[in-house]
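Notes to accompany the following structure.
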Amino acid sequence: MKQFYSQFHDKIGKILTYGQIKRSRVTPAILTIGSGVSFFAWQNYSYGSIFPHTTLSEYIPQKGYYHALLLAPITFQTPGHLLVYGPTMLLSFYLASQYLGNVGFAGLYISNALVTAAFTIYYERDKNRQLNVNMMSPKCMGAVTPLAFLSFVFAINPGLNLFGMKFLPYFIIPVTMYFYEFQEYQIGYVNELCRPAHLISCIYGLMMGLIFKRML
């Protein structure tokens, strides 16, 4: 049994990382390009035509827009949204690609999308019941991906220094984002965004990072 577990552990580790040499390049590149395309669409097409296809919301089960599960977690609706989460997504993709192969990278992205989508839909329905209304809010979009990947890297290597410089400790970035998300949640800014799902993505990234760390 112990030998089987060891072989299974090694096999999963190789699938996720492609060993210790080949790192993920294709998957983060595809996600980054997709993010740029979706941002362009938000700036050039009507709100009603884009919204259902690029948000994690109850439109997914109600209308069968399951492609939104893949599009929403890399979608930035406004320049402000892009300014806050875009750089952190690029940084987290670069750092996570040092640990994950293409399969593992895609697995973390898709699994985080499913977890945050499920929570967002549950939260949306619960809020509707509390308010006794039928609304399509709050939603969840591109923030959940950089938050999860930042947390993933933080869990694996909390002592990481950016560019190898001791005066640039990596932990400042995820911790700053945690404080920001928690503050936004505390002040009640949840009318248009599902802030609790953002916090869930942080926890999920940390959890996946700790699990993955055992495979390194």
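The values are calculated or read from the model by the stated rules, or taken from the named source; none is laboratory data. None of the values given here were measured: they were computed from a predicted structure. Please note: Cβ atoms are built from the backbone with ideal geometry, for glycine as well, and neighbour counts cover all protein chains shown. The accessibility values were calculated without ligands, DNA or RNA, using every heavy atom of the protein model including side chains. Shrake-Rupley method; radii C 1.70, N 1.55, O 1.52, S 1.80 Å.
Quick one: is PHE119 touching a residue at least 40 places away in the same chain (Cβ under 8 Å), aromatic (Phe, Trp, Tyr), in a helix (DSSP H, G or I) and within 20 Å of LEU199 (Cβ to Cβ)?
yes
Failed condition for GLN98, given (1) more than 20 Å from LEU199 (Cβ to Cβ); (2) in a helix (DSSP H, G or I); (3) not aromatic (Phe, Trp, Tyr), with all others met?
(2)
Return yes when PHE76 is open to solvent by less than 10 Å² (accessible area, probe 1.4 Å), modelled with pLDDT of 90 or more, under 21 Å from ARG195 (Cβ atoms) and not in a helix (DSSP H, G or I) and no when it is not.
yes
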